[in-house]
Amino acid sequence: MELQVVLPDESIAMPAEVLVEVARGAEELGFAGAWLPDHVLPPGEYGATFGGVYEPLVTIGYLAAVTRRLWFGTSVLVAPLRDPFVLAKQAATLHRLSGGRFVLGVGVGWSEEEFAAVGADHGRRGEITDDVLALLHHLFGGGTAPYRARRFSYETGVFAPVPDGRVPVMVGGNSDAALRRAARYADVWQGVPADPGAFAERARRLTELAAGRDVRAALRIAWNGTEPAESVADRVRAYRDAGASEIAVHFGPHEGTRARMESLTTALTDH
């Protein structure tokens, strides 16, 4: 099982250098990857509900340059708010410049107010995300023209850099639609289930929908230090036993994040 961290990019008051400190700390402690959230123009203050003070793709480019082993991803980038051609270019560039240490995690989004603020179509966000993923799949595979689809078609154009292999894609969400999307397009599904039993059920459903495709079942949990690290370690093991190949942990406010990361890794090592 792979342990990952969700970086604390959720407070305007947080100094930017904290992201570097936490990323380097995670690398030193043996975490495999680090995720950043995404909100472009949320209807409320950045914080526990709306993460993503710093634009995640730009931030990942910077963090990849000051680390050596840790990979980075978006959990999750709201795909219907982005121009998919620019997104493909950004993702392929990050993948190349980071030496393959980038995972594009996408979701449909949920805030109707945020969609309205940027002129995006909240009602069709699911089908738009499907079309974005189909286009990304085409472009990451070489992107030859013409490409004709329900939307985002093009008659001429050259896409570069073409990734070595493909940029890994993660789809986040607990719904049946998210599972279907992950089964068709993704390398990883990341859920936020209520308990290990619910996770195991979702993971089984993912396997059924994938019909032979290798899609890893992952999840993210949160721990802000209010319960013992040993209890969180037990929870991590329970999800592992339920079929989780990857677990990402959000450690709460940036103050004390390094200490909580250390406590969890120690608790997992001691048993």
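The values are calculated or read from the model by the stated rules, or taken from the named source; none is laboratory data. Just so it is clear, the model here is predicted, and its values are computed rather than measured. All Cβ positions, even for glycine, are placed from backbone atoms using ideal geometry, and neighbour counts span all protein chains on display. Protein only, heavy atoms only, side chains kept; ligands, DNA and RNA dropped before computing areas. Shrake-Rupley method; radii C 1.70, N 1.55, O 1.52, S 1.80 Å.
Quick one: which strands (runs of 3 or more DSSP E) sit completely within region 155-271 and have at least 2 residues that are touching a Leu at 6+ places or on another chain (Cβ under 8 Å)?
Values: elements: 169-172, 188-191, 216-222, 246-250.
The qualifying strands (runs of 3 or more DSSP E) are 169-172, 188-191, 246-250.
Pick from Glu114, Glu127: which is modelled with pLDDT of 95 or more and either surrounded by fewer than 17 Cβ atoms within 10 Å (Cβ to Cβ) or β-branched (Val, Ile, Thr) (or both)? Let's see the steps before the verdict.
On the way: Glu114 fails: either surrounded by fewer than 17 Cβ atoms within 10 Å (Cβ to Cβ) or β-branched (Val, Ile, Thr) (or both).
None of the other options fit; the residue is Glu127.
Contact annotation: residue pairs with Cβ atoms under 6 Å, 6 or more positions apart or on different chains, pairing a residue in region 220-245 that is farther than 18 Å from Gly191 by Cβ and open to solvent by 70 Å² or more (accessible area, probe 1.4 Å) with a partner that is part of a helix (DSSP H, G or I) and not β-branched (Val, Ile, Thr), are Glu230/Ala267.
Each row is one residue, and each column tells you yes or no for (1) open to solvent by 10 Å² or more (accessible area, probe 1.4 Å); (2) part of a strand (DSSP E or B); (3) without any contact (Cβ under 8 Å) to a residue 40 or more places away in the chain.
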residue: Gln4; (1), (2), (3): no, yes, no
residue: Ser11; (1), (2), (3): yes, no, no
residue: Val40; (1), (2), (3): yes, no, no
residue: Pro43; (1), (2), (3): yes, no, no
residue: Tyr46; (1), (2), (3): yes, no, yes
residue: Phe50; (1), (2), (3): yes, no, no
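If you filter region 55-69 down to residues that are under 14 Å from the mean Cα position of the chain (by Cα) and within 19 Å of Gln4 (Cβ to Cβ), you find that the one that is surrounded by the most Cβ atoms within 10 Å (Cβ to Cβ) is Ile60. Evaluating Ala145 against the criteria (1) touching a residue at least 12 places away in the same chain (Cβ under 8 Å); (2) surrounded by 15 or more Cβ atoms within 10 Å (Cβ to Cβ) leaves one unmet condition, (2).
Beta carbons closer than 7 Å, at least 6 apart along the sequence or on distinct chains, pair a first residue in region 156-175 that is more than 17 Å from Trp110 (Cβ to Cβ) with a second that is polar (S, T, N, Q) and open to solvent by 20 Å² or more (accessible area, probe 1.4 Å) for Pro161/Thr93.
Residue count for region 100-134 satisfying the condition of being part of a helix (DSSP H, G or I) and in contact (Cβ under 8 Å) with a residue 24 or more places away in the chain: 14.
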